[in-house]
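Q: Take a look at this one; I'll ask things after.
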Amino acid sequence: MELKRKLQEAIEYVQKEAIPETALGMILGTGFGKIVQELKIEKKIAYDKIPHFPKPTVMSHEGYLLYGMLFNVPILVFQGRLHKYEGYSYFEITLLVRLFKALGGSTLLLSNAAGAVNLTFKKGDLMVIKDHINLQRGSPLAEKGIAEMGARFVDMRLPYDTEICKLLLAQAKKQKIVIREGVYAAVVGPQLETAAEYRYLKIIGADAVGMSTVPEVIVARQLQLRILAVAVITDICDPNDLAPIDIPDILASVEKGEKQWLKLLKRIVAHLQ
Ligand code: HPA
């Protein structure tokens, strides 16, 4: 089936559920769950009910589209993102971004867990993504039928909205919350990096590395959405002193970072509609 038809069927299903047009949206990364507790949920749709929607296979990614009020602001929350390493196509992992646009979306907030290549960062730190390096082997725009959904040669000079970023940084300063700024490198994973790869990431200018976000950002730019993306630092990737991966420790760091993210969100959401 043509991709456009698939998208249309997904949109039609969600529209039947009578979700109001919503300008603000958010895709939750690994371990981000506290935000959902703050949300006054009005509609909840399981991803597996939406035609052509993939189902997350990763622990701590739930798979629900939620509509509700976050600090009195209407928002669509995609609870559970999809990753390339789960074996889905780029079209499938970015379908939620296209669906968001069709539901009236204009500003998309993204969160993820990432490893620090910049060794001045600490676990649990928030890093606002200023720019990225796509080290995944493909593009979500390089599929048949995608050029009909927006521009083909998408401008990536300023993928992350500078105004929203300023707002976030000013709020962090006000609340004395440490916030880093940096470049996010996206790899496919799911294996973590070797020491040589972490050295390479540092040399090419990355501050943090993770397995998500960039495909969604590319599609969001094709659709001319405004983007704010934050990474929570979950591990420090010192190539000379690598620690084994520790999932409970990663989730504890996300929880710490997410608390700060929520404090900031509370103050800025009203300005993002
Ligand atoms: N590498 C890739 N993805 C990650 C990491 C990492 O070190 N930490 C959290 N997500």
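Q: Quickly run through the range 36-65 and pick out the residues that are out of contact with any helix residue (DSSP H, G or I) (no Cβ under 7 Å at 6 or more places or on another chain), of a type outside the set (K, R) and over 20 Å from A113 (Cα atoms).
A: L39, I41, E42, A46, Y47, D48
Q: Residues in the range 211-238 that are within 15 Å of the ligand (Cβ to nearest atom), part of a loop (DSSP other than H, G, I, E, B) and open to solvent by 30 Å² or more (accessible area, probe 1.4 Å): how many?
A: Going through the range 211-238 one residue at a time, the tally reaches 2.
Q: Now, a different point. Which residues, taken from the range 244-273, are open to solvent by 80 Å² or more (accessible area, probe 1.4 Å) and either out of contact with any Gly (no Cβ under 8 Å at 6 or more places or on another chain) or under 23 Å from L96 (Cα atoms) (or both)?
A: P244, I245, P248, K259, K263, K266, R267, H271, Q273
Q: Pairs, please: C-beta under 8 Å, at least 6 apart or cross-chain, first residue open to solvent by less than 10 Å² (accessible area, probe 1.4 Å) and in the range 18-32, second basic (K, R)?
A: Taking only residues 6 or more apart or on different chains, the pairs are I27/R81; L28/R81; G29/R81.
Q: Please specify each residue of the range 33-43 satisfying the condition of being among the aliphatic types (A, V, I, L, M) and open to solvent by less than 50 Å² (accessible area, probe 1.4 Å).
A: If the condition is that a residue be among the aliphatic types (A, V, I, L, M) and open to solvent by less than 50 Å² (accessible area, probe 1.4 Å), then I35, V36, L39 are the ones that fit.
Q: Then there's this: Whether any residue in the range 171-185 is within 16 Å of the ligand (Cβ to nearest atom), modelled with pLDDT of 95 or more, surrounded by 24 or more Cβ atoms within 10 Å (Cβ to Cβ) and hydrophobic (A, V, I, L, M, F, W, C) is what I want to check.
A: yes
Q: I would also like to ask the following. Sort through K130, K84, K123 and tell me the only one that's within 16 Å of the ligand (Cβ to nearest atom), surrounded by fewer than 22 Cβ atoms within 10 Å (Cβ to Cβ) and not β-branched (V, I, T).
A: Answer to the check: K123.
Q: Could you list, in sequence order, the residues of the range 247-273 that are of a type in the set (D, E) and touching a helix residue (DSSP H, G or I) at 6+ places or on another chain (Cβ under 9 Å)?
A: Hits for the range 247-273 are E255, E258.
Each row is one residue, and each column tells you yes or no for (1) open to solvent by less than 10 Å² (accessible area, probe 1.4 Å); (2) part of a helix (DSSP H, G or I).
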{"position": "I45", "(1), (2)": "yes, no"}
{"position": "P54", "(1), (2)": "yes, no"}
{"position": "L65", "(1), (2)": "yes, no"}
{"position": "M69", "(1), (2)": "no, no"}
{"position": "V77", "(1), (2)": "yes, no"}
{"position": "L99", "(1), (2)": "yes, yes"}
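Q: Restricting the range 186-210 to residues that are assigned to a helix (DSSP H, G or I) and more than 11 Å from the ligand (Cβ to nearest atom), which is most open to solvent (accessible area, probe 1.4 Å)? Talk me through it step by step, then tell me what you get.
A: Let us first name the residues in the range 186-210 that are assigned to a helix (DSSP H, G or I), namely 195-203.
Restricting the remaining residues to those that are more than 11 Å from the ligand (Cβ to nearest atom) gives 195-196, 199-200, 202-203.
Values: A195: 30, A196: 66, R199: 106, Y200: 114, K202: 109, I203: 142 Å².
Across the range 186-210, the extreme among qualifying residues is I203.
Q: If you scan the range 1-10, which residues turn out to be surrounded by fewer than 18 Cβ atoms within 10 Å (Cβ to Cβ) and part of a helix (DSSP H, G or I)?
A: Once the filter is applied, which keeps residues that are surrounded by fewer than 18 Cβ atoms within 10 Å (Cβ to Cβ) and part of a helix (DSSP H, G or I), the range 1-10 yields K4, R5, Q8, E9.
Q: Report every pair of residues separated by at least 6 positions or lying on different chains whose Cβ atoms are under 7 Å apart, first residue within the range 207-227 and touching a residue at least 12 places away in the same chain (Cβ under 8 Å) and closer than 11 Å to I93 by Cα, second aliphatic (A, V, I, L, M) and part of a helix (DSSP H, G or I).
A: Close Cβ pairs (under 7 Å, with a partner that is aliphatic (A, V, I, L, M) and part of a helix (DSSP H, G or I)) amount to P215/I93; E216/V97; V219/V97.
Q: Now for a separate question. Looking at the range 147-157, which of its residues are under 17 Å from L108 (Cβ atoms) and loosely packed, with under 12 Cβ neighbours inside 10 Å?
A: Selection gives D155 alone.
The values are calculated or read from the model by the stated rules, or taken from the named source; none is laboratory data. None of these values were measured; they are calculated from a predicted model. Positions of Cβ are backbone-derived with ideal geometry, glycine not excepted, and every protein chain shown enters the neighbour counts. Only protein heavy atoms, including side chains, enter the accessible area calculation; ligands, DNA and RNA are left aside. Shrake-Rupley method; radii C 1.70, N 1.55, O 1.52, S 1.80 Å.
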